[in-house]
1. Mind listing whichever residues of segment 1-53 are assigned to a strand (DSSP E or B), surrounded by fewer than 21 Cβ atoms within 10 Å (Cβ to Cβ) and touching a helix residue (DSSP H, G or I) at 6+ places or on another chain (Cβ under 6 Å)?
2. Return only the number of the condition from (1) in a loop (DSSP other than H, G, I, E, B); (2) buried (at least 19 other Cβ atoms within 10 Å of the Cβ); (3) on the phi < 0 side of the Ramachandran plot that residue 157 does not satisfy.
3. I'm trying to understand the selection: among the residues of segment 168-188, which are more than 20 Å from residue 268 (Cα to Cα), at pLDDT 95 or above and buried (at least 16 other Cβ atoms within 10 Å of the Cβ)?
4. Here is a check on your reading of the model: is residue 93 in contact (Cβ under 8 Å) with a residue 40 or more places away in the chain and either in a helix (DSSP H, G or I) or surrounded by 22 or more Cβ atoms within 10 Å (Cβ to Cβ) (or both)?
5. Hey, any hits in segment 102-116 for a residue that's surrounded by fewer than 21 Cβ atoms within 10 Å (Cβ to Cβ), part of a loop (DSSP other than H, G, I, E, B) and in contact with a strand residue (DSSP E or B) (Cβ under 8 Å, 6 or more places away or on another chain)?
6. Please go through (1) outside any helix (DSSP H, G or I); (2) in contact with a helix residue (DSSP H, G or I) (Cβ under 7 Å, 6 or more places away or on another chain); (3) closer than 19 Å to residue 278 by Cα for residue 120 and return the number of the only condition it doesn't satisfy.
7. Of all residues in segment 57-86 being assigned to a strand (DSSP E or B) and over 20 Å from residue 139 (Cβ atoms), which is modelled with the highest pLDDT?
8. In the set 209, 213, which member is part of a loop (DSSP other than H, G, I, E, B), surrounded by 15 or more Cβ atoms within 10 Å (Cβ to Cβ), in contact with a strand residue (DSSP E or B) (Cβ under 7 Å, 6 or more places away or on another chain) and at pLDDT 95 or above?
């Protein structure tokens, strides 16, 4: 496999789930999946010098993720998120403000490593603070011209504004957002009625993206690219256990194959398959082997189809 160097920037935190605490944060979940896919995966975040920070280090070591990009602060606690599940097992988040990942600083290590990366993944949450946001945008501006910039919108209540999203879109090559997040994006940028196909194409054109991925929960995903191709991948039917981290896994599967130069259809299929498998397990970070994923993709024959996009499925 052609190993890539992937920098994932943002929150490492503890998801406080009904069944117990699990290490998470979208950038952390993505970094772990890319590491599992055989890449050099660098997680850039900040942890507190506290019990949760120590536990986070131990858990990341257990999961095999290198700690070279982590920073530590004494005056801010390690991030936590209270996660509850509704009747349909969709997650709701209460995010604690003023935590360690709001304090990610530029340092000599980052100044050096950013010039070697093949891709940078980033979201919106860690940009709520000036310090972390400034560090991120310095890295984005000083990465190699060939580095693919992946922006996972990942909106969380009271943790974003239009300017942050707009500046992030200007930097992005790949945009990922969920069906639910399209409402806010449409409102911010005056995109009118919620026609996801028109919106996906519009976002690619307006922001000069290489591609856009819109996840549809259990019903799969839509993908659009700069050449005008539109793909709908139905959702793989699985027994849902906990959807936290499934969207991040979908992004990782998509990006893994995008960096290999695979077709948009393949990227979308693998992304949805990996997301479905992650939704069958507890917590966002338990690893899925490439063999397990490949076997699942080859044997799963039941799908959940979004009727709005049925016409995009080849007959």
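1. 5 - this is the single residue of segment 1-53 that is assigned to a strand (DSSP E or B), surrounded by fewer than 21 Cβ atoms within 10 Å (Cβ to Cβ) and touching a helix residue (DSSP H, G or I) at 6+ places or on another chain (Cβ under 6 Å).
2. Unmet condition: (2).
3. Going through segment 168-188, the residues more than 20 Å from residue 268 (Cα to Cα) turn out to be 168-171, 183-188.
Narrowing further to those that are at pLDDT 95 or above: 168-171.
Residues satisfying the conditions are 168, 169, 171.
4. no
5. yes
6. (3)
7. First, the residues of segment 57-86 that are assigned to a strand (DSSP E or B): 70-73, 79-85.
In the following step, the residues that additionally are over 20 Å from residue 139 (Cβ atoms) were identified as 80-85.
Numbers: 80: 94, 81: 88, 82: 85, 83: 79, 84: 78, 85: 73.
Only one residue fits best here, namely 80.
8. Numbers: 213 fails: part of a loop (DSSP other than H, G, I, E, B).
Criteria check complete, one pass: 209.
The values are calculated or read from the model by the stated rules, or taken from the named source; none is laboratory data. Predicted model only: the values in this text are computed from it and were never measured. Methodologically, a virtual Cβ is constructed for each residue, glycine included, from the backbone with ideal geometry; neighbour enumeration extends over all protein chains shown.
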